[in-house]
Amino acid sequence: MSEAGAQVCPICGVKILKLIGGDRVLFSSGPPGTRSLLWAKVCQYTQKPGCINQNGGSGSTGQRLP
Ligand SMILES: [Zn+2]
């Protein structure tokens, strides 16, 4: 219930949870994924102002898996 730190992209409608070790993206259907997956599936096609995931998942978050 408590979803502090969760963001919802008003353009794509997906929810992004800020988690330690990397953000978790909750799609309206299907399993959760990553910001880069969200970019690949949704955001790269929309590219509208207001999208909170416009950078393709790379950049400031600095999530890098070993
Ligand atoms: Zn978006």
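What follows is calculated from the coordinates using simple rules that are stated; it is not laboratory data. All figures in this text were calculated on a predicted structure; none of them were measured in a lab. Here the Cβ positions follow ideal geometry from the backbone for every residue, glycine too, while neighbour counts run over all protein chains shown.
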task: Looking only at segment 8-25, count how many residues are under 20 Å from Lys48 (Cα atoms) and either in contact with a Lys or Arg (Cβ under 7 Å, 6 or more places away or on another chain) or aliphatic (A, V, I, L, M) (or both).
output: 5
Output for segment 9-49, where each listed residue is of a type in the set (S, T, N, Q) and part of a loop (DSSP other than H, G, I, E, B): Ser28, Ser29, Thr34, Gln47
